[in-house]
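Here's the structure we're looking at; comments come further down.
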Amino acid sequence: DSGVTQTPKHLITATGQRVTLRCSPRSGDLSVYWYQQSLDQGLQFLIQYYNGEERAKGNILERFSAQQFPDLHSELNLSSLELGDSALYFCASSPPGQATDTQYFGPGTRLTVL
Amino acid sequence: QKEVEQDPGPLSVPEGAIVSLNCTYSNSAFQYFMWYRQYSRKGPELLMYTYSSGNKEDGRFTAQVDKSSKYISLFIRDSQPSDSATYLCAMSDKLTGGGNKLTFGTGTQLKVEL
């Protein structure tokens, strides 16, 4: 158990809908990262937040957005969902000031768009 | 060409065998090199991280980095059926604005048979 929690575990929804995925980082970690894992693309970096501020952006679609709240939990919002958005979504966190860039992953949310 | 290349396998070995997993990369800016283990439908679990060229050992696992060849390896000695999982190499990259992200290989699926 990494200490990173994610809810829900599974989400099934229809095309065109909007969903929110939630992540709580490990105690003391200030950075939160979101990744998407699909069969054809592997694990892809979406976005990073550090202590409430957006720090880095990766291959995140405009239909997707994220935020990190004062209590450091983060939410990833996915809207106008398409079939191709079906994937595992992982949240990871890392402690402040570390030199190694290691990230600790949560159990993931499996999103199925029908 | 992908920044990180990893043979997807599957790789099947008998119990007790030495396993060698490898990744090559093209981005000289990568700073830290990590190996994650991912069991089916679970989050990636950090196994090892290294920075400089050379070897790092942790129990049955040895991570090796050759920056001049842009090649990293993970060796598993005395492999066990419980080592059956997908092994992902990951490399960290500092981004403009102070952020960082991990770039993953596609993962090698390993099966250790009794």
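Each value in this text was obtained by applying a stated rule to the coordinates, not by laboratory testing. Keep in mind that this is a model prediction, so the values were computed, not measured. Cβ placement follows ideal geometry from the backbone for every residue including glycine, while neighbour counts extend to all protein chains displayed.
Across the residues of B:42-52, average count of Cβ atoms on other protein chains within 10 Å?
5
With a sphere of radius 12 Å drawn around the Cβ of residue B:102, what net charge do the other residues whose Cβ falls strictly inside it have (Lys, Arg +1; Asp, Glu -1)?
Result for the local shell: -1.
I want to verify a result. In a Gaussian network model of chain A, Cα cutoff 10 Å, which of these has the top mean-square fluctuation: A:81, A:46, A:61?
Between A:81, A:46, A:61, it is A:61 that shows the largest mean-square fluctuation.
Would you mind counting up the charge near residue B:22? Only other residues with Cβ under 11 Å from its Cβ, with Lys and Arg at +1 and Asp and Glu at -1.
With Lys, Arg at +1 and Asp, Glu at -1, the neighbours total -3.
Under a Cβ-Cβ cut-off of 14 Å, what is the net charge of the residues other than residue B:90 that fall near it, where Lys and Arg count +1 and Asp and Glu count -1?
Residues close to residue B:90 contribute a combined charge of -2.
Given the options A:25, A:96, A:70, state which has the largest fluctuation in a GNM of chain A using a 10 Å cut-off (strictly under) for Cα springs.
The residue that fluctuates most here is A:70.
In the Gaussian network model of chain B, springs joining C-alpha atoms below 10 Å, which of B:27, B:100, B:55 carries the largest mean-square fluctuation?
Highest fluctuation among the options: B:100.
Using the beta-carbon distance between residue B:67 and residue B:17 and R0 = 30 Å, what value does 1/(1 + (r/R0)^6) give for FRET efficiency, to the nearest 0.05?
Numbers: r = 28 Å, r/R0 = 0.93.
That pair, residue B:67 with residue B:17, gives E of 0.60.
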